[in-house]
Amino acid sequence: KAGVTQTPRYLIKTRGQQVTLSCSPISGHRSVSWYQQTPGQGLQFLFEYFSETQRNKGNFPGRFSGRQFSNSRSEMNVSTLELGDSALYLCASSFDREAEAFFGQGTRLTVV
Amino acid sequence: GQSLEQPSEVTAVEGAIVQINCTYQTSGFYGLSWYQQHDGGAPTFLSYNALDGLEETGRFSSFLSRSDSYGYLLLQELQMKDSASYFCAGRYSSASKIIFGSGTRLSIRP
């Protein structure tokens, strides 16, 4: 079966702009989580959605937001981009609270 | 709080055994997972411990001690392809929130 798909794979944006990233989970999975990965900070939890509802949220500013659609596809949005937002953004899906989460290849965002 | 601590780097010899430790904060803790990530790749799931004890999956084993807030990943018969970053990850908040440690970079020498 198809894995977790994230689009786009690479993105370059200018400070102050906004960006939307997309994640299509494995078919049948209803939980989607988002992570920011940087060399210094590792994988930082952004938020988790289940059945179109945000179930958990990490410690990121309000510029970071997300949503989930009825088909479980999820988007995250970052407004007013800052240089420090440059990172690999990963999403992971699972049926619900299973031990194993499946990750996409990520979107590499560069803010210049 | 919800944070996990693990060593930043470990070096080992091909064919040997290596243990990567992880300590975690207990508030809302449900279980401990381990993930492997090769450079440029996505994290992939290795194992999960919800109860105390050892879980074995081929060359990899994982251990959890809830009383010590501690776990480890044991890799045996190391191969060069095992060179990667290894993350412990705690499940929190009714098991729907995964918090990752900062990762341990494993380097293997011939």
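Derivation of every value follows stated rules applied to the coordinates shown; laboratory data play no part. What you see is a predicted model, and the numbers here were worked out from it, not measured in a lab. Positions of Cβ are generated from backbone atoms using ideal geometry, with glycine treated the same way; all protein chains shown enter the neighbour counts.
Observations on the structure shown:
- Placing unit charges on each Cβ (+1 for Lys and Arg, -1 for Asp and Glu) gives segment A:1-62 a dipole about its Cα centre, and among A:59, A:34, A:17 the Cα reaching farthest toward its positive end belongs to A:17.
- Evaluated at q = 0.13, 0.15, 0.17 Å⁻¹: base-10 log I(q)/I(0), Debye formula over Cα of the protein assembly as shown: -0.74, -0.98, -1.21
- About its Cα centre, the dipole of the protein assembly as shown is roughly 760 debye, where the only charges are +1 on Lys and Arg Cβ and -1 on Asp and Glu Cβ.
- Sparsely packed chymotrypsin sites (Phe, Trp or Tyr not before Pro) within segment A:1-95, loop by DSSP, other Cβ within 10 Å at most 15: A:69, A:95
- Counting all C-alpha pairs of chain A, share separated by more than 20 Å (%): 34
- Paramagnetic label zone (point 7 Å from Cα along Cα-to-C-beta, residue B:80; backbone N under 12 Å) in segment B:1-44: B:14
- Fully extended contour minus Cα-Cα distance, from residue A:108 to residue A:57, at 0.36 nm per residue: 16.2 nm
- Taking a ≥ b ≥ c as the square roots of the eigenvalues of the Cα gyration tensor, chain B is classed as prolate, since a/c reaches at least 1.5 and a/b is larger than b/c.
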